[in-house]
Amino acid sequence: MAPFSPADRLVADHFPGVRGENAAGIHAALAGVLDHWFEWRRALFPQDAADDADAPREGHQVLNEQLDRLCRALSAETPICTPRYIAHMKSDISTPALLGWIAAMLHNPNNTSRDASRVGSVLEAEAIGMLAAMLGYDPQTAQGHFTSGGTVANMEAVWRARYRMDHWLSLALWLAEQTGRPLDVFADAHMGWSRYRSLREVHQPTEEALRLCSAAAGDPVAIWRRLDRASADGWRGPVLLAPATAHYSWRKAASVFGLGENALWSVALDADGRMDMGAFDSLIARARDEGRPVLLTVGVAGATETGQIDSLHAWRQRLDRLDREDGVHVWSHVDAAYGGFFPIAKGVFDTRTTAALDALGQADSVTIDPHKLGYTPYACGAFLARDAASCAVSSFDAPYLARPELGEAKWASTLEGSRSAAGAAAVWLTGRTLGFDAAGLGEVLAETIRARRQFQARMVDLVPEARFLEPADTNIACFSIAATGERLSSANRRTRALFEVISRAPGFSVSKTEFGPAGAAVIDSHVKRWRGVADAPTMAVVRCVFTNPYWSDADTRSALFEEFAALVKDSLLADA
Ligand SMILES: *Cc1c(COP(=O)(O)O)cnc(C)c1O
């Protein structure tokens, strides 16, 4: 037995255990949750008549039989509790998340309104405060809410960015039509609130006049025609800038908001698989040249395929410079659906990654998915904005009211309607127990990164043809199979074949990902690692995601890493 580490202790205390080692404690806690629920119901309105006590009835027997059938059917579900599952960003859920989720779910609050969720809405605000502090926002001023996941949270960002830009463009259109002076689409679409306020102050347009210039509040096609006529260079519509690693929800968002998928401009990757800052600068310059407003720019913290963290500090510097020197205010959103919990993992990151994570809290808005590295059940994502202004402008009813605080109306300004409080309660209880800090969840996550590193080192020792993508910023390892000098096309064939073999074998679940032309720099530097020839436009890698908390155990690591390496070796021999 290897010695117990701090992460082992945390995992033992806060997770069910690979084989349900903590079953007794969870049984007792769950029974307590049910007791509370039943006692609460019994105590409500004692003057009202109660039904007969629970007596065996025919209905119960059918229920018990079918429930048993359901449970047996579910035993064929993908086993994600075991560390052998390294395919995707999911693993066992934590004990506090499970209990918090169930405790709230029994009451079934609907966080769409405070009436339907007296306690749930308070839990939500407190849980959002915990996430805000972790992300580097000021929890006193940050705003946000839970969503069904990262996809919807990303759309929340586009929705708000669109309303902000719509305010600025509406005023610019009104002014241009009043004065006959042409509108400058790029400059006016990014004018910023202080210029907006001073222009309103000077020219005093009425609410109604502005509303009649709004594409969001009115008829967009008619407004676009007017924008086209009023501007010197015509109206060509806004674009979204996101690195090539961005999740496909950004493509969906472009489509849902009526921009068309071509409006999503993909920023090429550098050799390390992160947003290339030179390419970002070029696209900003191109947008300016073409007179296309940048509705929103996305930085990624924890890319879905590779776990890479963009250099958010360098991105921030550029955005601040645009703001300061050119008066160009571009909405910055960090998609930290996966990586939003990493700021609390201390002592495992190099200085670049630390600086990138430190810049997270300067973004206008952030997406984070507790149902990934927060170890809560689905569906639990969250959208956070730096302050009320960035959140409140989305109000559909009165887009032109100057209102720093929407107060109660905040609950009506979510894309989704009915929303469960269960995810909020899961996050709340996790924060109160495991803790969103370096000594709690941060330590568990740091250990997943150490496990990924150890896996990689062991594989390199045992399987010389395993070529890992480097640097890997977090807990995802990607590797190709290639002999020294091998052509990429041949390496791709062998890598894909290995993925098929592992998928058919019972031992492990992994996934596979492919790099395309936007990742040309990654492909180039990777192929150089084995002095190969890049004779294919795409590159396949096997992807191993170390989110499972039980990898903290040293004995698990040594046994399973050897077994995995042996599986890969045997498969390569068979393929030779
Ligand atoms: C998972 C993920 C999403 C989408 O989140 P869902 O919860 O699946 O909707 C968006 N962005 C990134 C970076 C992700 O990893």
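Please work out if VAL256 is under 19 Å from the mean Cα position of the chain (by Cα), surrounded by fewer than 18 Cβ atoms within 10 Å (Cβ to Cβ), hydrophobic (A, V, I, L, M, F, W, C) and within 14 Å of the ligand (Cβ to nearest atom). Yes. Considering only residues in the stretch 366-381 that are more than 8 Å from the ligand (Cβ to nearest atom) and not in a loop (DSSP other than H, G, I, E, B), the one that is surrounded by the fewest Cβ atoms within 10 Å (Cβ to Cβ) turns out to be VAL366.
Considering only the stretch 166-181, I want to know if a residue exists there that is under 30 Å from CYS380 (Cα atoms) and in a helix (DSSP H, G or I). The answer is yes; a qualifying residue exists. Among the residues of the stretch 91-121, the ones that are out of contact with any Lys or Arg (no Cβ under 7 Å at 6 or more places or on another chain) and in a loop (DSSP other than H, G, I, E, B) come to 13 in all. For the stretch 346-365, a residue qualifies if it is within 27 Å of TYR163 (Cα to Cα) and not in a loop (DSSP other than H, G, I, E, B), and the qualifying residues are LEU360, GLY361, GLN362, SER365. Between ASP8, ASP35, the distinction of being touching a Ser or Thr at 6+ places or on another chain (Cβ under 6 Å), in a helix (DSSP H, G or I) and not aromatic (Phe, Trp, Tyr) belongs to ASP8 only. Is there a residue in the stretch 88-102 that is without any contact (Cβ under 8 Å) to a residue 24 or more places away in the chain and more than 16 Å from the ligand (Cβ to nearest atom)? No: zero hits.
Okay, residues lined up against (1) more than 15 Å from TYR248 (Cα to Cα); (2) in contact with a strand residue (DSSP E or B) (Cβ under 9 Å, 6 or more places away or on another chain); (3) more than 15 Å from the ligand (Cβ to nearest atom):
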| residue | (1), (2), (3) |
| --- | --- |
| GLU305 | no, yes, no |
| ILE309 | yes, yes, no |
| ARG316 | yes, yes, yes |
| ASP323 | yes, no, yes |
| SER332 | yes, yes, yes |
| ALA337 | no, yes, no |
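For the stretch 515-534, indicate whether the set of residues that are surrounded by fewer than 16 Cβ atoms within 10 Å (Cβ to Cβ), within 25 Å of the chain's Cα centre (by Cα) and not small (Gly, Ala, Ser) is non-empty. Yes; the residues of the stretch 515-534 include at least one that is surrounded by fewer than 16 Cβ atoms within 10 Å (Cβ to Cβ), within 25 Å of the chain's Cα centre (by Cα) and not small (Gly, Ala, Ser). Between a first residue in the stretch 293-314 that is under 26 Å from ALA189 (Cβ atoms) and modelled with pLDDT under 95 and a second residue that is assigned to a loop (DSSP other than H, G, I, E, B) and away from the ligand (no atom under 11 Å from the Cβ), which pairs have beta carbons less than 9 Å apart while being 6 or more apart in sequence or on different chains? Taking only residues 6 or more apart or on different chains, not a single pair turns up.
To keep it simple, each residue is scored yes or no on (1) surrounded by fewer than 17 Cβ atoms within 10 Å (Cβ to Cβ); (2) part of a helix (DSSP H, G or I); (3) on the phi > 0 side of the Ramachandran plot; (4) free of Cβ contacts under 8 Å to residues at least 24 places away in the same chain.
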| position | (1), (2), (3), (4) |
| --- | --- |
| ALA424 | no, yes, no, no |
| TRP428 | no, yes, no, no |
| ASP437 | yes, no, no, no |
| ALA446 | no, yes, no, no |
| ILE449 | no, yes, no, no |
| ARG452 | no, yes, no, no |
| ALA457 | yes, yes, no, yes |
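Filtered by the rule that a residue be within 16 Å of the ligand (Cβ to nearest atom) and either touching a residue at least 40 places away in the same chain (Cβ under 8 Å) or among the polar types (S, T, N, Q) (or both), the stretch 234-253 gives LEU240, LEU241, ALA242, PRO243, ALA244, THR245, ALA246, HIS247, SER249, TRP250, LYS252, ALA253. Residues in the stretch 80-119 that are touching an Asp or Glu at 6+ places or on another chain (Cβ under 6 Å) and within 15 Å of THR448 (Cα to Cα): CYS81 only.
Looking only at residues of the stretch 135-180 that are more than 16 Å from the ligand (Cβ to nearest atom), surrounded by 22 or more Cβ atoms within 10 Å (Cβ to Cβ) and polar (S, T, N, Q), we find that the one that is farthest from GLU124 (Cα to Cα) is SER170. Taking the numbered list (1) away from the ligand (no atom under 16 Å from the Cβ); (2) closer than 21 Å to CYS544 by Cβ; (3) surrounded by fewer than 23 Cβ atoms within 10 Å (Cβ to Cβ) in turn, ALA345 passes all entries but (3). Here is the figure for the stretch 268-293: residues that are more than 14 Å from the ligand (Cβ to nearest atom), of a type in the set (A, V, I, L, M, F, W, C), closer than 24 Å to GLY340 by Cα and out of contact with any Lys or Arg (no Cβ under 8 Å at 6 or more places or on another chain) total 3.
Criterion applied to SER413, SER394, SER390 was being at pLDDT below 95, within 26 Å of CYS213 (Cβ to Cβ), under 19 Å from the mean Cα position of the chain (by Cα) and more than 16 Å from the ligand (Cβ to nearest atom), and the one residue passing it is SER390. With respect to the conditions (1) crowded, with 24+ Cβ neighbours inside 10 Å; (2) among the small types (Gly, Ala, Ser); (3) more than 17 Å from the chain's Cα centre (by Cα), GLY339 falls short on a single one, namely (3). Among the residues of the stretch 518-547, those identified as among the aliphatic types (A, V, I, L, M) and either part of a helix (DSSP H, G or I) or free of Cβ contacts under 8 Å to residues at least 40 places away in the same chain (or both) are ALA518, ALA520, ALA521, VAL522, ILE523, VAL527.
The values are calculated or read from the model by the stated rules, or taken from the named source; none is laboratory data. These numbers were taken from a predicted model, which means no experiment stands behind them. When we count neighbours, we look across all protein chains shown, and the Cβ atoms used for this are built from the backbone with ideal geometry, even at glycine.
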